[in-house]
Amino acid sequence: MICRGQYPFYDITIMTNRQRLESRRAIEAARIFLHEAIHAKIFSLLHQVGGYNNLNESNFPELFNLYVEYKNSGTPDPSSMTHHQYMALKYVDIIAA
């Protein structure tokens, strides 16, 4: 599965590979759906602040700080890494529960 969004994030697309999904246990498929739904949620939050270029410490501090950290490290596409780091900070316990 993959979640794609492009600013202004009006349409968020989650694409599935049916064969790969059907080969997973139900709990694993649910985890994957939750993971991709969180990507969509992050895109929604980015839409509210006007995209990556408008991130700042007051409108989305956790993602802003992660984005700056990875952008300064020279990572070619910091958005993917920042999404996953944000998920680790905010949603791992929720998904596990």
Out of Ala30, Ala40, I need the residue that is surrounded by 11 or more Cβ atoms within 10 Å (Cβ to Cβ), in contact with a strand residue (DSSP E or B) (Cβ under 7 Å, 6 or more places away or on another chain) and modelled with pLDDT of 85 or more. Which one?
Ala40
Need pairs with beta-carbon distance below 8 Å; first residue closer than 10 Å to Phe43 by Cβ and part of a loop (DSSP other than H, G, I, E, B) and within the stretch 1-12, second at pLDDT 70 or above and among the polar types (S, T, N, Q); sequence gap 6+ or separate chains.
Phe9/Ser44
I'm trying to understand the selection: among the residues of the stretch 43-55, which are in a helix (DSSP H, G or I), surrounded by 11 or more Cβ atoms within 10 Å (Cβ to Cβ) and over 11 Å from the mean Cα position of the chain (by Cα)?
His47, Gln48, Val49, Tyr52, Asn54
Filtered residues of the stretch 83-97 (kept if in a helix (DSSP H, G or I) and of a type outside the set (Ser, Thr, Tyr))
His83, His84, Gln85, Met87, Ala88, Leu89, Lys90, Val92, Asp93, Ile94, Ile95, Ala96
Check whether at least one residue in the stretch 19-39 is closer than 23 Å to Asp93 by Cα, acidic (Asp, Glu) and assigned to a helix (DSSP H, G or I), and report yes or no.
yes
Return the residues of the stretch 62-82 that are assigned to a loop (DSSP other than H, G, I, E, B) and at pLDDT 75 or above; say none if nothing qualifies.
Ser73
Filter result (of a type in the set (A, V, I, L, M, F, W, C) and within 19 Å of Ile94 (Cα to Cα)) within the stretch 44-70
Leu45, Leu63
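The values are calculated or read from the model by the stated rules, or taken from the named source; none is laboratory data. Just so it is clear, the structure is predicted and the values come from calculations on it, not from any experiment. Cβ atoms come from the backbone with ideal geometry, glycine included; neighbour counts cover every protein chain shown.
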